[in-house]
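One structure is given here, and the rest of the page talks about it.
The values are calculated or read from the model by the stated rules, or taken from the named source; none is laboratory data. All values reported here derive from a predicted model rather than from experimental measurement. Glycine gets a Cβ as well: all are built from the backbone with ideal geometry, and neighbour counts include every protein chain shown. Accessible surface is based on the protein model in full, side chains and every heavy atom, while ligands, DNA and RNA are left aside. Shrake-Rupley method; radii C 1.70, N 1.55, O 1.52, S 1.80 Å.
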Amino acid sequence: MRASFVNASRGEAERLRVPSDLAARSWDDLDFLGWVDERSPLHAYLVLADDEDRLVGVQLRRAPAGVGPRRARMCSLCTTTHPGQGAALMVAPRAGRSGRAGNTVGVDVCADVACSAYVRGLKSLPPLMRVPETLTVEERAARLRRNLLTFVDRVRAQR
Ligand SMILES: [Zn+2]
């Protein structure tokens, strides 16, 4: 899995901390594996299988929180809206030379990267979201996957 990270150097991939409960997670309920480094909470990771069934990993770094009142933020992957710090702006270094030159892709994302659980109602939604969703769980999961693949394409894009 470490080899799947498209925007990490080999050294970074070897050093990144994989969650200890990996094997215990319910893979059937996951569109992707996402976790925040417990000891270094500004670092988050997501790993998914792309359309060719290859694992693709992306490392993310939480952007410094801005000043001023905290407003609600919508996760651009699963579209859950969180108040306060529930969602955060994270940046992913671009893959390859562009990333080494410091270029990043920003994304608003659930701070716990638990989008799959929100989509399936396995984690309770923030009060702002207690609006009836007209989409089924399958449709929401499909939307999450589309958004994830689009994001990964942006990270991988060379320009
Ligand atoms: Zn989310």
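Of note:
- In this structure, residue 100 does not satisfy being at pLDDT 90 or above, surrounded by 14 or more Cβ atoms within 10 Å (Cβ to Cβ) and of a type in the set (Lys, Arg).
- Every residue from the range 26-54 that is under 22 Å from residue 87 (Cα atoms) and over 15 Å from the mean Cα position of the chain (by Cα): 29, 38, 39, 40
- Residue in the range 105-112 that is more than 14 Å from residue 31 (Cα to Cα), in contact with a Gly (Cβ under 8 Å, 6 or more places away or on another chain) and away from the ligand (no atom under 13 Å from the Cβ) present: no
- Single residue of the range 80-97 satisfying the filter (within 13 Å of the ligand (Cβ to nearest atom) and over 16 Å from residue 34 (Cα atoms)) that is surrounded by the most Cβ atoms within 10 Å (Cβ to Cβ): 82
- Within the range 1-49, the set of residues being open to solvent by less than 90 Å² (accessible area, probe 1.4 Å), modelled with pLDDT of 90 or more and of a type in the set (Asp, Glu) comprises 12, 37.
The rows are residues; the columns are (1) touching a residue at least 40 places away in the same chain (Cβ under 8 Å); (2) touching a Pro at 6+ places or on another chain (Cβ under 9 Å); (3) under 22 Å from residue 148 (Cα atoms).
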site	(1), (2), (3)
10	no, no, no
20	no, no, no
25	no, yes, yes
51	yes, no, yes
59	yes, yes, yes
71	no, yes, no
74	no, no, yes
86	yes, yes, yes
